[in-house]
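Only one structure is covered here, and it is reproduced in the block below.
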Amino acid sequence: MIKSHHKGFAENLLFALNIFIIFFLLFGGGIVIPQWLQPIGRLHPLIIHFPIVVLIMAMVLEFFRFKERLRTEKLYHEFTTYLWLTGALFAGVTAIMGLFLSKEQGYDGDTLQFHKWFGVSVVFVSTAIYWCRSREWYSQKIARSGAVATVLCLIIAGHYGADITHGDNFILAPVWHPEKKLVPIDKAFVFQDVIEPVFDSKCISCHNPDKTKGGLALVDKRSVLKGGKDGKLFVPGQPQISLLLQRIHMPEGEKKHMPPAGKPQLTADEMNMLYLWVKENADFKKKVIDLPPSDSLRVIAANYLKPTEEEEEQYDFATADDKLIKKLNNNYRAIYPIAQGSPALGVNIYNKKTYQPKVLEELSGIKKQVVSLDLNKMPVKDAELKTIAGFENLRTLNLNFSDITGATINQLASLKYLRVLSLAGTKLNPQAIKQIGAIKSLKEIALWDTGLPDDEIAVLQKANKNIDFIKGFKDNGKPMKINGPQVKNTAFVFTKPIELELSHPIKGTEIRYTTDGTDPDSVKSMVYKPGIIITQNTNIKAKAYKAGWYGSDIVQVNFYKSTYTPDSISFITAPNEKYSGDGAKTLIDKDLGGSNFGNGKWIASQKDLIVYMQFNKPVDLHTVTLNCLRYIGTQIFLPIAIEVWGGKDATHLKLLSTVKPAAPKKDDPFIVKGIDCQLATNRAISCLKIIAKPIQNLPKWDPVKKQPGWVFMDEIFLN
Amino acid sequence: MEKDFLEHRLNINRRRFLSRLSLGLGSVALGSLLIPDLFSGIGSDSEADFIPGIPNFAPKAKRVIYLFQDGAPSQLESFDYKPKLREMMGQELPPSVRGSQILTGMTAQQKSFPLVGSFYDFKQYGESKAWISDLFPHIGSIADDICIIKSMYTEAINHDPALTFFQTGAQQGNRPSMGSWVSYGLGSENKNLPAFTVLLSKGKGNGQGVYSKLWSNGFLDSIHQGVQFSSGENPVLYLNDQDGIDRRDRRKMLDKIAELNEISYKQFGDPEITTKIQQYEMAYRMQSAVPEIMDVSKEPDDIVKMYGPDCLVPGTYAANCLLARKLSENGVRFVQLYHQGWDQHNNLPQEMAGQAKDVDQASAALVTDLKQRGLLDETLVIWGGEFGRTNYSQGKLEKANYGRDHHPRCFSVWMAGGGIKPGLVYGESDEFGYNIVKDPVHVHDFHATILNQLGIDHKKLTFKSQGRRYRLTDVAGNVVKGILV
């Protein structure tokens, strides 16, 4: 227990402190704090917590002091008394420290004044109560109101104190956003709406009239121009020697770097904007749109001004009934909360066949909650806008390709939050759409493919500057190359005559073609019509033409006649395993291999490729054509020699033809080529042996050495 | 007596124990207030440890269209302008720039690494002044609508692992594809179409394969698997009724099968059975929804000029872009395109020109088309390959003919819409286009960002399989805040 003379000492000290505070308040203006005392003052934000806790505890005890049960508790009373005393003492000491601190540079303004007066009231009130609380007239009523008054003073002083150290609205900032003023780009001023907000968000918490750190405030033009104790903030036009930019560009570890380490830093965009603003002579009057369109500051500023409009949306309406949402949801009407726990709903309607006005009317139970409505391609009529106007919280409305004419568009004016309206592909009435300005909240409207002429849209844009009118793509009339005709034939090897099937995906396109190897043109070449029959080996070159387009690239296709099909076919020497296709019959399946030699339709070998065929009935054979591949880079060459042997049976074969294609050259192109072997004599043939010989020694220019070349064959035509 | 004492002491202890317990419980309850997900079921050990169909926060993008350029287009001939490489044409890649980078087997044996600048010139486009090569004039024309990221990097150096990494967040390929994760997390918007669809096309350039594992559902429910739309007569395989079966018969058959499936579900409780029922039902509804989507004959003439005439030729990239728009517009969450043929180890100038011609106009048209329908805000379009290409030539360097090998350390992709900052060029590479010098974006970061735009916290979208909870971003990934609106 504290002995009573200690108590007496403490009481005296409390008295002294009170007197000192009164003195300080009365004569504070002239007081100068010596430097060695400053650290004591700076302890104020630390020590402050002690009296707060002790005093609040004491007040709680005091509040219940006159309770029946506690009235006689000695310990309770003694404890309360000492707590009172300690609390008041510390409050006094802390207040004095605070007064010291307030004398330092950088503390000024209304917030400080409020903090000061409520702070010292805590000292005075608690001291006063301490002295009165053992008097006879001190009743429960007085005790309670005194306790409440002290706590109130504490709270208010604490609040203002926190504002000074942490900045305004520190506690509620994460949950409460004061409504941001939306500045459309065409109305925005460079300083007021771009530069100043940067100061506001990142600098002002320490550089304001209440707390002018470094003697600097950044609240208006005057204070910005004034600069701080280290001098002017900037030299217009010379960012590299401007203090402001030097400080923000210092490495973050540096002591003088701004904002100080640990505080929210400037983003790259913000730094750039400050730099460019100073570079462009730190103008205070210019509007953003006064800058040239390609000006860097304008570009960044335009971006900077945008996000303020796209703040996270807050919805203040009630959540719809879950069961109702479930009931309204079906295969063609999707209703979903936009986020977990959000009351806002999105609604998408699908399937125009099942769409009826009642699809929307049935949503009346959730009309408050719907924030986005997608009616893309639904046959929505003008009359239904009345129902839609009932969705009072609607933000986005998609009416693309609906039957809206715009006649009732002013119905939507009651939608206070509608931001995006899509009307692409509708047949809008140019007169009706002029009422669009009635929807005050509108930010964006899509008008592509609505038949509205450009100049009408320009007029609308002029009349409604806050709305972004999206015109979308417009054919500028510059011709473009049309794509080539498509060959619809699936078989290119025929026994009986077949029809040439060409087509083009774009309607009204003319296809012209040649069969003589010359390039087709738009005047002389034949026009393709269905019903053209191919009876012999034919090389088709075709080209597409359409007014307003350049002619297409040439499409080439070859047709091969193969009159005879052997009744059996086999390899005498096996081809390479990887390229053996579906066996020897791959060579007579009338299915060409195309350009991909690894697709199983090509037969290949690095040795002589020997094929043997038999006909049940002798055939009158004139030509044997081997369809071969040449692909120089991969050692695939045309055969160096082809021999065709034939006769009545296997034992009486005679050499009927030998063909030696020209030697390969280094830059021979990739080609698929039919090599014709004309047979020397016409005779009835029952057996046929064909030998295709690959190049044994690769040409000198080929990078690969010491291996033979490849022979690739996909089909043999017999005529 | 002693017994009474003992009992009393026990009672005291009991009382103390109980009061302590209540105090303890009170503090636990208080503490729990600070752990948001403690009682919500998320992150608990229960089987359903995520509630599908609900985003974590309000999404910027509702849907994604991913234009995957398969084979890895060169960043140095597209979006990363490096005049220095032209100046230093033919000179050796300084070892200090290459650092410890491991090369592929294709160039590791090369004795020389001659730097090679772009064969194609670059121009600045739009207000954003983004440098884009002459191969992509149409993409240049939408420079102010897109965000080019020049600082992507990946971990894999070969096609398959790199592609698998981009699609599934892991190189090995047993994980769900990104589209499957999105389908699992957000569900389908339109119940008449799958949430995740895949479209393939192929250019003339040197190609690399795409395989169905890239759009596999992995360990997720099979309803989240990507559904491939092909270009033939039957865009979705097995969707059409067989000859001789009409819609009513089909309906009856489905009802009967569903009854049988219900019975077997009651018996075994396998969730795949209910999935099967749902899939049959969706396929039935798709029978009417798909033909309408595939029908491009009603598209206005402007659309044909915009996407290029090839958009009417099924199976082309342009046609797939148009189809992607139609699918997306109809509520398909994730449309994945692959265009093959970007693997230019040699003959780059010529091959890349062909590839660029395939994709340039249609890619740009897709963005413009979404915009003019008011849909770009809610649709995220992504364009890019699985890695970049080296700044030195693979094989012999000739003026108009060179190749580039794989380069995972630094490459470019672009995004548009869906809450991504338009008209932005993000990240920087060094003057050799070899290393990133500013704002690197890892594949995991890229995934985290995409999910974020869809309203999904990438750390919360998990699925427990074989004793471990998996995420698309594995155990990494940061949302790239710098590119968000």
Worksheet, complete the sentence: Quick note on A:C628, B:C410, ordering by fewest other C-beta atoms within 10 Å, gives A:C628, B:C410
Worksheet item: Between A:D589 and A:N329, what is the spin-label point distance in nm, taking each point 7 Å from the Cα along the Cα→C-beta axis?
Response: 5.0 nm
Item to complete: Using Cα centres only, tell me the gap between region A:494-523 and region A:559-600 in whole Å.
Response: 28 Å
Worksheet, complete the sentence: Pseudo-spin-label distance A:F670 to A:D220, built 7 Å along Cα→Cβ, given in nm, is 7.5 nm
Practice prompt. Provide the convex hull volume over Cα atoms per residue for region A:480-560, in Å³.
Written response: 82 Å³
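Between B:N234 and A:K67, what is the FRET efficiency for a Förster distance of 60 Å, r being their Cβ-Cβ separation, to the nearest 0.05?
Working: r = 87 Å, r/R0 = 1.45.
Efficiency for this residue pair is about 0.10.
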Fill in: Over chain A, relative contact order from alpha-carbon pairs under 8 Å, at least 6 apart, %
6 percent
Item to complete: Can you tell me how much longer the chain between A:A261 and A:A16 gets when fully stretched, taken as 0.36 nm per residue apart minus their C-alpha distance, in nm with one decimal?
Response: 84.1 nm
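So, R0 is 35 Å and r is the distance between the beta-carbons of A:L26 and A:I171; what FRET efficiency does that work out to, to 0.05? Please list the in-between numbers first.
On the way: r = 34 Å, r/R0 = 0.96.
Once rounded, the FRET efficiency stands at 0.55.
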Response to the item:
Diffing region A:194-211: the Karplus 3J(HN,Hα) column from phi (6.51, -1.76, 1.60, θ = phi - 60°), in whole Hz with x for Gly and Pro, holds 10, 6, 4, x, 5, 4, 4, 7, 10, 10, 5, 5, 10, 10, 9, x, 7, 9
Worksheet item: Can you work out ³J(HN,Hα) from phi for every residue in region B:462-477, in order, using Karplus 6.51 cos²θ - 1.76 cosθ + 1.60 and θ = phi - 60°, giving whole Hz and x for Gly and Pro?
Response: 10, 9, 8, 9, 6, x, 9, 8, 10, 10, 4, 9, 6, 10, 9, x
Practice prompt. Determine ³J(HN,Hα), in whole Hz, for all residues of region A:18-28 in sequence, where each value follows from phi through the Karplus function 6.51 cos²θ - 1.76 cosθ + 1.60 and θ = phi - 60°; x replaces Gly and Pro.
Written response: 4, 4, 4, 5, 4, 4, 4, 5, 6, 10, x
Worksheet item: Out of residues 5 or more away from A:C677 or on other chains, whose amide H comes under 5 Å of its own, with H placed 1.01 Å from N in the peptide plane?
Response: A:V624, A:T625, A:L626
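Per-residue ellipticity at 222 nm for chain B, helices alone: DSSP H runs ≥ 4 residues times -39500 (n - 2.57), over residue total, nearest 500 deg cm²/dmol?
Details: 12 runs with 166 residues, N = 485.
Rounded to the nearest 500, the figure is -11000 deg cm²/dmol.
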Worksheet item: What is the fewest-to-most order of B:L237, A:L55, A:L500 by other Cβ atoms lying within 10 Å of their Cβ?
Response: B:L237, A:L500, A:L55
Item to complete: Return the long-range amide H neighbours of B:A72 (sequence gap of 5 or more, or a different chain), with a cut-off of under 5 Å between placed amide H atoms.
Response: B:W342, B:E386, B:F387
Discussion item. Between A:Y138 and A:L46, what's the calculated FRET efficiency when r is the beta-carbon distance and R0 is 30 Å? Round to 0.05.
Written reply: 0.30
Worksheet item: Taking amide H positions as placed 1.01 Å from N in the peptide plane, with prolines and chain starts having none, which residues 5 or more places from A:I204, or on another chain, fall under 5 Å of its amide H?
Response: none
Item to complete: In nm, give the distance between the simple-model label positions of A:K232 and A:F317, each being 7 Å from the Cα along the Cα-to-Cβ direction.
Response: 5.6 nm
Worksheet item: Taking the alpha-carbon centroid of each part, what is the distance from region B:400-444 to region A:59-104 in angstrom?
Response: 65 Å
Discussion item. Below 8 Å between Cα atoms, with a sequence gap of 6+, how large is the relative contact order for chain B in percent?
Written reply: 28 percent
Item to complete: Starting with the fewest neighbours, write out A:K416, A:K471, A:K496 ranked by other beta-carbon atoms found within 10 Å of each beta-carbon.
Response: A:K496, A:K416, A:K471
Worksheet item: Expressed as a whole number of Å, what is the distance separating the alpha-carbon centroids of region B:205-231 and region B:308-325?
Response: 19 Å
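Subtract the Cα-Cα distance of A:A438 and A:Q556 from 0.36 nm times their separation in residues, and report this length gain in nm to one decimal. Write out the running numbers ahead of the final one.
Details: separation 118, 0.36 × 118 = 42.48 nm, distance 5.92 nm.
Extra length available between A:A438 and A:Q556 comes to 36.6 nm.
Read-outs: derived from the displayed coordinates by stated rules, not from any lab. Model, not experiment: these values are computed from the prediction. Counting neighbours? That spans all protein chains shown, and the Cβs are built from the backbone with ideal geometry, glycine included.
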